1. If I filter region 175-194 for residues that are modelled with pLDDT under 90, among the basic types (Lys, Arg), assigned by TED's automatic domain parsing to the domain that holds ALA260 and surrounded by 15 or more Cβ atoms within 10 Å (Cβ to Cβ), do I get at least one hit?
2. Can you tell which of THR106, THR115, THR68 is of a type in the set (Ser, Thr, Tyr), crowded, with 18+ Cβ neighbours inside 10 Å, farther than 17 Å from LEU51 by Cβ and outside the structural domain of ARG203 (by TED's automatic domain parsing)?
3. Among residues belonging to region 310-363 that are among the polar types (S, T, N, Q) and in contact with a Ser or Thr (Cβ under 8 Å, 6 or more places away or on another chain), point out the one that is farthest from ALA156 (Cα to Cα).
4. I'm checking my understanding of the structure. Among residues of region 296-316 that are part of a loop (DSSP other than H, G, I, E, B) and touching a residue at least 12 places away in the same chain (Cβ under 8 Å), which one is surrounded by the most Cβ atoms within 10 Å (Cβ to Cβ)?
5. Every residue in region 214-239 that is aliphatic (A, V, I, L, M) and either at positive phi or outside any loop (DSSP other than H, G, I, E, B) (or both), please.
6. Identify all residues within region 370-402 that are part of a strand (DSSP E or B) and touching a residue at least 60 places away in the same chain (Cβ under 8 Å); write none if there are none.
7. Name the one entry in ARG226, ARG213 that is over 29 Å from PHE344 (Cβ atoms) and either out of contact with any Leu (no Cβ under 9 Å at 6 or more places or on another chain) or touching a residue at least 24 places away in the same chain (Cβ under 8 Å) (or both).
8. Here is a check on your reading of the model: is ALA293 in a helix (DSSP H, G or I) and in contact (Cβ under 8 Å) with a residue 40 or more places away in the chain?
Amino acid sequence: MVSKFTSNPYQRSKAHDLVARLSEPRRFLQVVAGARQVGKTTLVGQVLAQLDIPSVYVSADEPTLGDTTWLASQWERARLTVAEGRRGSAVLALDEVQKIPHWSETVKRLWDEDTRAGLPLKVILLGSSPLLVQRGLTESLAGRFELLRLPHWSFAEMRDGFGFTLEQYLYFGGYPGAAALIGDPTRWRRYLQDSLIETTISRDVLLMSRVDRPALLRRLFELGCRYSGQVLSYTKMLGQLQDTGNTTTLAHYLDLLSGAGMLTGLQKYAGDAARRRGSSPKLQVMNTALMTASSGLTPTAIQADREFRGRLVESAVGAHLANAAACGECEVFYWRERNREVDFVVRSGRTVVALEVKSGRAPEMLPGLDAFDAAFKPRRTLLVGGNGMALEEFLGRPVGDWLQP
């Protein structure tokens, strides 16, 4: 397991940063958030193993442990570790913290008690539901924490860590824990469905948030995987789902799935924020593995299905961009005006980049990019795939590279 992460430049740099922070004399509260199976627990475990100060690691993943009394008792255990140690400090790592009701209020109280007492306890909080973790942070812990977001693994990381080819990455996506199973696609698909998809929906979404219609949320996820890369109005979604629910509920459920790192809805790019919020979303999986596992198609069948593979290529580019956006590096939109459209629009500050994705040979004229360029004057326009930039080159580089001058 260690070799997987030390060969991953992103994880390695984050581990190095965490070790450096924890080695400083000052105390701090570090929050590590990200979807399931992106390496949060392994990363922190490696960091704790490299420290020369004592540490306490505990997880609230067991259903019987999730209350504030348990949290306070683990915090007290870490306080005793500080008092008994000879190095004057210790680290407490609390995993799956979002599963403890009112966790943020309890952490705030305990942290402030240590502040008043001058106790040099350093704390790491890990959570697999970024939306719920962020909610707790903004409600109770403002000004007290540093946040580290871990996205799904990119093509470059899966290539460097596991030797993935581009075709393997398109099908099997960026789940490091499932990489050992790709030799048996049927077993890999069962693992994705049982250990990742179902666990995330049932434990990170349904148990952690109020969802009055869980069956509708599950069908929305399936619809999003089937139509990833396509723009659908909420009204059309309800028609596809054969449901009489309201569009507000559907939008809320899409937000919950986005917060769990599974499926998001990109807004239309427009100069007016109100027009963006009122637009129909472009459905986008955060990891192409969710799309292929839900399809039931084999790698060979997808290679032979040009339409599905084309949507898979566009979704891989969209996932690459959406994960960067989830980490706060940029914002991602789509653009459509009459019969002209641009697959993705990336914005960071005042810098705007427009991207068109083609899985086959691109036509000589690209009216969507031309119209967008005339209307918004982006810093650059990119054609990915076809006779433009190679898909492997685009996915192999950080999104921030394309936002540079």
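1. Let us first name the residues in region 175-194 that are modelled with pLDDT under 90, namely none.
Checked against the condition, which is being modelled with pLDDT under 90, among the basic types (Lys, Arg), assigned by TED's automatic domain parsing to the domain that holds ALA260 and surrounded by 15 or more Cβ atoms within 10 Å (Cβ to Cβ), region 175-194 yields no hits at all.
2. Numbers: THR115 fails: crowded, with 18+ Cβ neighbours inside 10 Å; THR68 fails: crowded, with 18+ Cβ neighbours inside 10 Å.
Answer to the check: THR106.
3. If we filter region 310-363 for residues that are among the polar types (S, T, N, Q), which is where we start, we get 315, 323, 339, 348, 351, 359.
From the residues that got through so far, the ones that are in contact with a Ser or Thr (Cβ under 8 Å, 6 or more places away or on another chain) too are 315, 323.
Values: SER315: 16, ASN323: 14 Å.
Among them, the one singled out is SER315.
4. Taking region 296-316 first, the residues part of a loop (DSSP other than H, G, I, E, B) are 296-298, 305.
Among the residues that remain, those that are also touching a residue at least 12 places away in the same chain (Cβ under 8 Å) are: 296, 298.
Details: GLY296: 10, THR298: 14.
Here the answer is THR298.
5. First, pick out the residues of region 214-239 that are aliphatic (A, V, I, L, M): 215-217, 220, 223, 231-232, 237-238.
ALA215, LEU216, LEU217, LEU220, LEU223, VAL231, MET237, LEU238 - these are the residues of region 214-239 that are aliphatic (A, V, I, L, M) and either at positive phi or outside any loop (DSSP other than H, G, I, E, B) (or both).
6. First, the residues of region 370-402 that are part of a strand (DSSP E or B): 380-385, 389.
Listed by number, the residues that qualify are VAL384, GLY385.
7. Details: ARG226 fails: over 29 Å from PHE344 (Cβ atoms).
Just a single option satisfies the conditions, and that option is ARG213.
8. Working: in a helix (DSSP H, G or I): yes; in contact (Cβ under 8 Å) with a residue 40 or more places away in the chain: yes.
Considered against the rule, which asks whether it is in a helix (DSSP H, G or I) and in contact (Cβ under 8 Å) with a residue 40 or more places away in the chain, ALA293 comes out as yes.
The values are calculated or read from the model by the stated rules, or taken from the named source; none is laboratory data. No experiment lies behind these values; they were computed from the predicted model shown. All Cβ positions, glycine included, derive from the backbone under ideal geometry; neighbour counts span all protein chains shown.
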